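A.B. asks: Quick one: this structure, given as structure tokens, is what I'll be asking you about.
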Amino acid sequence: MNGHIPILSVNGVYKRFSGPYSLLRRFKSEPQLAVHALTNVTLDVERGETLGIVGESGCGKSTLARCLVRLHEADEGVVRFDGQDISNLSGGARRAFNRRVQMIFQDPYGSLNPRMTVSQVLSEALSVHKMRPKPEIPGRIAELLDLVRLPADAAGRYPHEFSGGQRQRIGIARALAVEPEVIVADELVSALDVSVQAQVVNLLLQLQEKLHLTVVFVAHDLRLVRHISHRVAVMYLGQVMEISPSEALFSAPRHPYSKALLEAAPELDPAHKNRNVALRGELPSPLDLPPGCPFAGRCPHVFDRCRVERPVLTPRGPGQMAACHLTDFGAPGASSDQLPTGH
Amino acid sequence: MTASTVPTSLPQTAPGLLVRGLTTTFDTSRGVAIAAADVDFDVAPGEVVGLVGESGSGKSVTLRSIMRLIREPGKVTGRVEWGGRDLVAMPAEELRRVRGGEIAMIFQEPMTALNPVLPIGAQIEENLVAHTDLNRRQRRERALELMNIVGIPAPERRLDEYPHQFSGGMRQRAMIAIALACSPKLLLADEPTTALDVTIQDQILKLLLDLRDRMAMSVVLVTHDLGVVAATCDRMAVMYAGRIVETGTVADVFACPNHPYTRGLLGSVPRSGQSRTMLQSIDGTPPNLTDLPDGCAFHPRCSFATEICLKQRPPLDLVGTDGRRAACHHHERVAAAEPIL
Amino acid sequence: MSALAKTARSMLRGKPMPRSLITGGSILLVSLIMAVWPTLFAPYDPNEFDYNALLAAPSLAHPFGTDSFGRDVLSRVIHAYTVDMQIAVFATVGPFVFGTLVGAFVGYVGGFWEALFGRLVDATVTFPFLVLVIAIVSVLGPGLGNMYVAVGIVGWVFYARLVASEIKVQKRLDYADAGRVMGYTPWRIVFRHLLPNAITPAIVYWMTDMALAILLGSSLGYLGLGAQPPTAEWGVQIADGKNFMNTAWWISVFPGVAIVLTGLGFSLAGDGVAEILRVRR
């Protein structure tokens, strides 16, 4: 892209976690099993946008989120923030990066230190990063609580005194305390009740407008991701299958997996009852990835090439990329009976 | 009580489930928690009924109360009629024959609901031992047949495997196989797909619908996901703070909610064509069950609330045909409000 | 003092004070007062011989009787509080502090250090604690000072093990990651965030350990390896009375009761502290 630098860019990132190493394998001197959490992931996050990352469990979306904030280091490839390779940052530069890229966690119970009051949590963040001189800290805490719509008397209370939704607000306030530019939200609302989810999503949308935040929204709920994101990346077994503008993805998915995922998500319209199963089969073990396309084993359109050659992301429609050998899949005008079917 | 407003005229011989005035309370250190209050609903043969609500709404407690799975200090009162008999008053011996036989149950977390040290096959056969007089060979055959019915590949081999060797979706299938062992007439499903991925959830829900058709059984499906209700249920009951606040056919309730809570729930779910707009959230949080507000339990979070809602609890009254009921003083205003869909 | 009261209040957070802590704390408070000002309570000098009342049974003049030298048993039991409470504290503070620090380090860093520590723990726990301590004291020579050294060399391992395993649990929780994402230093994450959530079992064990230390001190005193006669110390006193169990039971029994009572105080206080420190989720 001509000269402009995306705020976050992920380039060819691999991440493996070592799996079990059985005695039998040692004796046979076979290599240790490894979980391939991320395989050749490449994507950009533009300033001010919301990028949704969606996928089922084990697809690597949380690992990717953690690589973005450097909770994990990539095994191969680079993650750049503002053009700078984040794995090279140390000392002050690393602290500055941490301040500018914040994360909000899934678990409203585990993400707050149970022995610290809300004001202790917030004032720690404010004072470590020297966001405000000491006398101004209480005032800033009040502002932050107001920003996330928590009552002012919340400051003196402990996490266990709050409901799940309120705790997520505290987590958001903690992240906002250091005035970040990017927020990575990992399953922010998936532990919450539906009505409370909506409150937190609304809050996030409002804060993004007000503070000009860039948001990476990681979730398994397609409806939610579509609602909140400008662009969406669909992941499967550690790889990006498709990355498209939100409406384009949902109206004309260009990857068979995206399509299946959309069809499997129950529609909120009882008139749309459909008795066909969207996608058969189960996720293969991430310990032992097939050489070709990771989706080959479940794909209704699979053909020989898919089993031997791994497809890479290539451009489709405007702003749309998909990793599928069927470059015409889902394209307007292309009829589905041209596609190979059957196994 | 609501007895006067609920038709009790169903013939005594009507097969199916009749729940009347089911109330479950727990004595806690902070007072009596009313987890389910005065719950009335019917399940006709072959029907899938969804019980929807958020955590603490009483949907799971209701399901467990039907099966008398409430432990001390919980107390269950009311009537649960099944084939003319009352499950709440039934002696334990008789109840054991009904459980796992005519009525089966599946749970949210199959890993904890299955016995980790017994092979799946043995767990299916265990149910057959309890409820049939099949011999060993017949039991094995039936187990194989069940594994095929629920779509577990390579059933011969998998019968001898343990739960930890199954994936989440396969475990849920195995649990369904156990539940189906004695061809139950009613299946109680407590959030059976909540722990599963969306493509697996889709498979399991469609499996349940197929089984319903094949085995002519009724299903009560407890879920928090309105999408699941829309995709699978014929009728639904929305619960809030232990009570049913609205019930009717799924099509009617989705098309025109008569209770502000149902309306709020539907508005909370993002839908297509409205990207990045504010969702219609419900303010506040569900009430504490030991300290419910006076009048309508929903009034502190309700935008339709008036004086009367603070003082008088609305009964679950008929508001239309097809057993359409809502417990709201202002159901007409709610129904007439601008559509959220 | 007001800061302490504030911490205590904030820890109680509206919970009532556990009854075990009230009972245990009262016993320990009385013990502490006797340890600091024994002369206020003891009717006689603990080392004064009274040849007119050798092995005297309990009476109004000598409520706990006298021993073979005519020393007043009550006075000796009371004066022994000074030595035994000192043992309880001195033999455990060092291991507690050092073990906690090592445990925090090992638990947080993991890897090689954790493996090394694991072997050390294995080596330590395979020997009975008392045997190890006796072995070290016999090398260093008898006496209270050497006993503290011996207990310290072995005792810290147990604290370190408790803290390390708890830190390992805590460091995986999201709040620890939240601290890392905030750019907090490992020091801050360990000491400000993880340790307060990981130290509870060590504190509770510390309370029990103080009771065990008194028993250990008494055992070593009994064996002649700890406090040396004529120091008034419960273990030494019990040893003194062992030849007179049939004729003068009071010489051994009253110090024994004191040991039991003080041990009970520590245990109850430990339960109470555990109750208060328990985190609400």
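A.B. asks: Only one of (1) facing chain A (nearest Cβ under 7 Å); (2) touching a Ser or Thr at 6+ places or on another chain (Cβ under 7 Å) fails for B:Thr290. Which number is that?
C.D. replies: (1)
A.B. asks: Does B:Leu316 satisfy the criteria of being out of contact with any helix residue (DSSP H, G or I) (no Cβ under 7 Å at 6 or more places or on another chain), more than 11 Å from chain A (Cβ to nearest Cβ) and in contact (Cβ under 8 Å) with a residue 40 or more places away in the chain?
C.D. replies: No; evaluated as a whole, the condition is false for this residue.
A.B. asks: Give the residue that is surrounded by the most Cβ atoms within 10 Å (Cβ to Cβ), with candidates limited to residues of the range A:154-190 that are part of a helix (DSSP H, G or I) and among the charged types (D, E, K, R).
C.D. replies: A:Arg174
A.B. asks: Follow-up. Kindly establish whether C:Asp209 is acidic (Asp, Glu) and more than 16 Å from C:Val151 (Cβ to Cβ).
C.D. replies: For C:Asp209, the condition - acidic (Asp, Glu) and more than 16 Å from C:Val151 (Cβ to Cβ) - is not met.
A.B. asks: Being without any contact (Cβ under 8 Å) to a residue 24 or more places away in the chain, touching a helix residue (DSSP H, G or I) at 6+ places or on another chain (Cβ under 6 Å) and of a type outside the set (Ser, Thr, Tyr) is the filter here, so list the residues in the range B:243-275 that pass it.
C.D. replies: Selection gives B:Ala251, B:Pro270.
A.B. asks: Check whether at least one residue in the range A:145-158 is more than 21 Å from the chain's Cα centre (by Cα), within 11 Å of chain C (Cβ to nearest Cβ), modelled with pLDDT of 90 or more and closer than 16 Å to C:Val181 by Cα, and report yes or no.
C.D. replies: For the range A:145-158, residues more than 21 Å from the chain's Cα centre (by Cα), within 11 Å of chain C (Cβ to nearest Cβ), modelled with pLDDT of 90 or more and closer than 16 Å to C:Val181 by Cα: absent.
A.B. asks: Sticking with this structure for a sec: Would you check if there is a residue in the range B:38-50 being touching a Lys or Arg at 6+ places or on another chain (Cβ under 6 Å), of a type in the set (Asp, Glu), assigned to a strand (DSSP E or B) and modelled with pLDDT of 90 or more?
C.D. replies: The answer is yes, given that some residue of the range B:38-50 is touching a Lys or Arg at 6+ places or on another chain (Cβ under 6 Å), of a type in the set (Asp, Glu), assigned to a strand (DSSP E or B) and modelled with pLDDT of 90 or more.
A.B. asks: Moving on. Within the set of pairs 6 or more residues apart or between chains, which connect a residue that is small (Gly, Ala, Ser) inside the range A:133-147 to a residue that is at pLDDT below 95 and surrounded by 10 or more Cβ atoms within 10 Å (Cβ to Cβ) with Cβ atoms less than 6 Å apart?
C.D. replies: Listed by first residue and then by second, the contacts come to A:Ala142/A:Ala152.
A.B. asks: Hey, among A:Ser90, A:Ser111, which residue is hydroxyl-bearing (Ser, Thr, Tyr) and more than 8 Å from every other protein chain (Cβ to nearest Cβ)?
C.D. replies: Numbers: A:Ser111 fails: more than 8 Å from every other protein chain (Cβ to nearest Cβ).
Selected residue: A:Ser90, the only one of A:Ser90, A:Ser111 that is hydroxyl-bearing (Ser, Thr, Tyr) and more than 8 Å from every other protein chain (Cβ to nearest Cβ).
A.B. asks: Any residue in the range C:78-95 that's farther than 17 Å from C:Phe64 by Cβ: show its pairings with residues that are polar (S, T, N, Q) at Cβ separation under 7 Å, as long as the two are six or more apart or on different chains.
C.D. replies: C:Val83/C:Thr231; C:Met85/C:Ser31
A.B. asks: I would also like to ask the following. Any residue at all in the range A:65-77 that is in contact with a Gly (Cβ under 6 Å, 6 or more places away or on another chain), surrounded by fewer than 20 Cβ atoms within 10 Å (Cβ to Cβ), away from chain C (no Cβ under 12 Å) and not in a loop (DSSP other than H, G, I, E, B)?
C.D. replies: Yes; the residues of the range A:65-77 include at least one that is in contact with a Gly (Cβ under 6 Å, 6 or more places away or on another chain), surrounded by fewer than 20 Cβ atoms within 10 Å (Cβ to Cβ), away from chain C (no Cβ under 12 Å) and not in a loop (DSSP other than H, G, I, E, B).
A.B. asks: Just wondering, is there one or more residues in the range A:5-21 that are in a strand (DSSP E or B), among the charged types (D, E, K, R), within 30 Å of A:Ala260 (Cα to Cα) and in contact with a helix residue (DSSP H, G or I) (Cβ under 9 Å, 6 or more places away or on another chain)? Lay out the reasoning, then the answer.
C.D. replies: Pass one, the range A:5-21, residues in a strand (DSSP E or B): A:8-18.
Subset that is among the charged types (D, E, K, R): A:15-16.
Checking which are within 30 Å of A:Ala260 (Cα to Cα) leaves us with A:15-16.
Still in the running and in contact with a helix residue (DSSP H, G or I) (Cβ under 9 Å, 6 or more places away or on another chain): A:15.
Within the range A:5-21, one or more residues are in a strand (DSSP E or B), among the charged types (D, E, K, R), within 30 Å of A:Ala260 (Cα to Cα) and in contact with a helix residue (DSSP H, G or I) (Cβ under 9 Å, 6 or more places away or on another chain).
A.B. asks: Among the listed residues B:Ala113, B:Ala189, which satisfies the condition of being surrounded by fewer than 20 Cβ atoms within 10 Å (Cβ to Cβ) and either over 26 Å from the mean Cα position of the chain (by Cα) or away from every other protein chain (no Cβ under 14 Å) (or both)? Write out each step before concluding.
C.D. replies: On the way: B:Ala189 fails: surrounded by fewer than 20 Cβ atoms within 10 Å (Cβ to Cβ).
So the residue among B:Ala113, B:Ala189 that is surrounded by fewer than 20 Cβ atoms within 10 Å (Cβ to Cβ) and either over 26 Å from the mean Cα position of the chain (by Cα) or away from every other protein chain (no Cβ under 14 Å) (or both) is B:Ala113.
A.B. asks: Could you figure out which of (1) more than 19 Å from the chain's Cα centre (by Cα); (2) part of a helix (DSSP H, G or I); (3) farther than 23 Å from C:Val106 by Cβ isn't true of C:Val169?
C.D. replies: It is condition (3) that C:Val169 fails.
A.B. asks: Among B:Ser60, B:Ser65, B:Ser55, which is the only one that is in contact (Cβ under 8 Å) with a residue 24 or more places away in the chain and either more than 14 Å from every other protein chain (Cβ to nearest Cβ) or aliphatic (A, V, I, L, M) (or both)?
C.D. replies: Of the residues listed, the single one that is in contact (Cβ under 8 Å) with a residue 24 or more places away in the chain and either more than 14 Å from every other protein chain (Cβ to nearest Cβ) or aliphatic (A, V, I, L, M) (or both) is B:Ser65.
A.B. asks: Take the conditions over 18 Å from C:Tyr81 (Cβ atoms) and modelled with pLDDT of 85 or more and apply them to C:Ala248. Does it pass?
C.D. replies: yes
A.B. asks: A follow-up question, please. Output the number of the condition that C:Ser26 fails; it satisfies all remaining conditions of (1) exposed (fewer than 14 other Cβ atoms within 10 Å of the Cβ); (2) assigned to a loop (DSSP other than H, G, I, E, B); (3) not aliphatic (A, V, I, L, M).
C.D. replies: (2) is the only condition that C:Ser26 fails.
A.B. asks: When you scan the range A:178-190, how many residues do you find that are closer than 13 Å to C:Ala178 by Cα and over 17 Å from the mean Cα position of the chain (by Cα)? Talk me through it step by step, then tell me what you get.
C.D. replies: Let us first name the residues in the range A:178-190 that are closer than 13 Å to C:Ala178 by Cα, namely A:178, A:183-186.
Cutting the leftovers down to over 17 Å from the mean Cα position of the chain (by Cα) gives us A:178.
Count: 1.
A.B. asks: Let me ask something additional. When you look at C:Val77, is it β-branched (Val, Ile, Thr) and surrounded by fewer than 17 Cβ atoms within 10 Å (Cβ to Cβ), yes or no?
C.D. replies: no
The values are calculated or read from the model by the stated rules, or taken from the named source; none is laboratory data. Here the structure is a predicted model, which is why all the values come from computation and not from measurement. Every residue, glycine among them, receives a Cβ derived from its backbone with ideal geometry; neighbour counts consider all protein chains shown.
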